[in-house]
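The values are calculated or read from the model by the stated rules, or taken from the named source; none is laboratory data. This structure is a prediction, so every number in the text was calculated from the model and none was measured. Note: ideal-geometry Cβ built from the backbone for every residue, glycine included; neighbour counts use all protein chains shown. Surface areas here come from the heavy atoms of the whole protein model, side chains and all, with no ligands, DNA or RNA. Shrake-Rupley method; radii C 1.70, N 1.55, O 1.52, S 1.80 Å.
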Amino acid sequence: MLRTSLAKMKLAATSASMNQFMRLKPSVLTIQANRCASSDAQKTSLYDYHVEKGGKMVDFAGWLMPVVYSSDTIIQSHLHTRQSCSIFDVSHMLQTKVHGKHSVDYLESLVVGDIEGLADDTGTLTVFTNQQGGICDDLIANKTSDGYIYVVSNAGCRDGDLALMKRKLEECKSKGLDVELEVLTNPLVAVQGPLMSKVLQAGVDVDLSQLYFMNTTMASVFGVEGCRITRCGYTGEDGVEISIPEGKEHHIIDCLLASKEGSVKLAGLGARDSLRLEAGLCLYGNDIDETTTPVEAALTWLIGKRRRQDGNFPGSDVILQQLKEKPARKRVGIITESGPPPRAGSKVIVDEKEVGKITSGVPSPSLKKNIAMAYIQTHCSKLGTEVMVETRNKLSKGVISRMPFVPSNYYLKK
C-alpha cells in the first residue's frame, strides 16, 4: 500500500558504498525526522509499548511512530523481515466499514477498481481519483461475507479521505441510496516475512494455508475473538494485517514476539520504507499524488475491465484517453551501482538532457545497490535504457530496471 512522504526520513548516506550504509546509526534518521515533530502529534495505542521496547519515535503524518528500535539498525531490521518475521504498527492508518445495500455503488463512485467483481472475503488495491484523473490516495478495499466493505487507507490522507467519503455519502443518501460509513478505531498491526504463517498459525483458529494473498477473514488470534486478518502488506513478503479489538493489541504482540516457531521482532518506518521500495510499491506523497494518474504511475492494472467499459469513475475521461494514447511520462525503476543514493528531486538525464526526476530512492540492503523510482518521459522509459542521475551535484550511471527490484513472495493460489 500504499503512504505519505518519508522524504525527510531517508538515510543520510553520503556514499553509495554499502559498507558506509551499514555504519549509519539509527540516530541519523531519527534526528532528521524529529526536526518536523509536532507537539500535537497523535499517538497510537501502542505508543508507550514502542518506547518501552526502545522505539525511536518520530512525527510521521501527524502521528508519533517508531522509525527504528534500539536493538537493531534499520538495515538489520530490513533483512530480518526478508529472512524471518517482523511486526509493524500501522494503527495510524484509516480503517472504515461501508455498510448498506448500495455499498458497492458508493465505493465505485470514488475509485477505479471493480469492487462488484470481487468474491466475498477478497480484496483489491485501488485508488481514489479526482476529476483530472489524479490519485487522491491508495487504499485496500475488502468485500466481506459479513455484508460490508472493509477499507484501509493512508494516515497522511486521513482527513482528506474522510472528507471525500463523507461528501459522497451525503450525495448518495440524497439520491435515496442505502449506504452508511463507519470509522474504526481498532489497533492495526502488520506481521510480515517468510515465517509469518508458521508463527501466526499457532495462535489462530483458521487455516492460513487457505487464506491467500488479498483474502480476508474474521478469526480468534491468541484467544482474542473478533480480529480481522487480511493477507496483504507493504514489504513484498508474505504477510497479514490484523485489525484487533481495542485493548487486546499488547497481548497479541507479546504472543507473537514470544513465538517458538521463528524469530519475531518489532520493526519501524525506516525498514518499512526500504522494504516497500525494493518491492516496487508506491509511497503516497512521493511516488503518487493528485498530479499523477494511474496510467502515468504504471498502475493501469488497478482499473477493472468493466470500469474501463463503463467509464464512470472520477477522472475517467483523462485516464481512458491516456490508456489509448500513452501518457507523456511514466513511473520507472532505476538502479545505480555507485555514487550517492538517488533522492527525491534528483534529475534523470539521457543524452545530456533532463528527462525526469527521482521520486524515491534508497540504498537497497538486499541488493547492495542504489535503487530508485522516477517519472521520466515515456520515450526514454524502455527497460535497459542507460541514464545519468544527478544527486548533490554528482552524476551517477544508472539503468531503467524492472520492478519489483526484489522478487515478491506473496502467498498466491496455484
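Per the Kirkwood definition applied to all pairs of different Cα atoms, how many angstroms is the hydrodynamic radius of segment 84-126?
One decimal place: 12.7 Å for the Kirkwood radius.
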Report summary line: Taking a straight Cα-to-Cα line shorter than 13 Å from K413, and setting aside same-chain aspartates and glutamates fewer than 8 residues away, one finds D238
Query raised in the report: What does the charge count near L184 come to, summing +1 for each Lys or Arg and -1 for each Asp or Glu among other residues with Cβ under 10 Å from its Cβ?
Result: 0
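Quick one: net charge of L79's neighbours, Cβ under 13 Å, K/R +1, D/E -1?
Values: positive: R82, K265, K368; negative: D72, E237, E278.
Counting the neighbours of L79, the net charge comes to 0.
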Query raised in the report: Between Q309, L266, I140, whose Cα lies farthest towards the positive end of the dipole of the chain when Lys and Arg beta carbons carry +1 and Asp and Glu beta carbons carry -1, centred on the Cα centre?
Result: L266
Requested in this report: Would you indicate which of (i) 38, 34, 19; (ii) 31, 29, 19; (iii) 41, 26, 25 is the value of semi-axes √(5λ) of the Cα gyration tensor in Å derived from the coordinates of this structure?
Outcome: (ii)
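Before rounding to the nearest 500, sum -39500 (n - 2.57) across all DSSP H runs of length at least 4 in the chain and divide by the residue total; then give [θ] at 222 nm in deg cm²/dmol.
On the way: 11 runs with 95 residues, N = 414.
Computed mean residue ellipticity for the chain: -6500 deg cm²/dmol.
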Query raised in the report: How large is the charge dipole for the chain, taken about the Cα centre, if only the Cβ atoms of Lys, Arg (+1) and Asp, Glu (-1) carry charge, to the nearest 20 debye?
Result: 1480
**Report entry** Fraction of beta bridges assigned by DSSP in the chain that are antiparallel (%, nearest 5)
**Finding:** 95
Requested in this report: Leaving ligands, DNA and RNA out of it, report the carbon-plus-sulfur percent of the accessible area of the chain at a 1.4 Å probe.
Outcome: 49
Query raised in the report: For D146, what charge total do you get from the other residues with a beta carbon under 13 Å from its beta carbon, if Lys and Arg give +1 and Asp and Glu give -1?
Result: 0
Query raised in the report: Any idea of D205's accessible area? Nearest 10 Å², probe 1.4 Å.
Result: 100
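Hey, what's the chain come to in accessible area per residue, 1.4 Å probe, Å²? Spell out each step's value before the answer.
On the way: 17200 Å² over 414 residues.
Per residue, the chain has 42 Å² of solvent-accessible surface.
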Query - Cross-link partners of K175 among lysines (Cα-Cα below 17 Å; sequence separation of 8 or more within a chain) - result: K101, K166
Requested in this report: Report, ordered by chain and residue number, the lysines lying within cross-link reach of K248, taken as a straight Cα distance under 26 Å and ignoring same-chain residues fewer than 8 apart.
Outcome: K43, K53, K56, K97, K143, K198, K260, K265
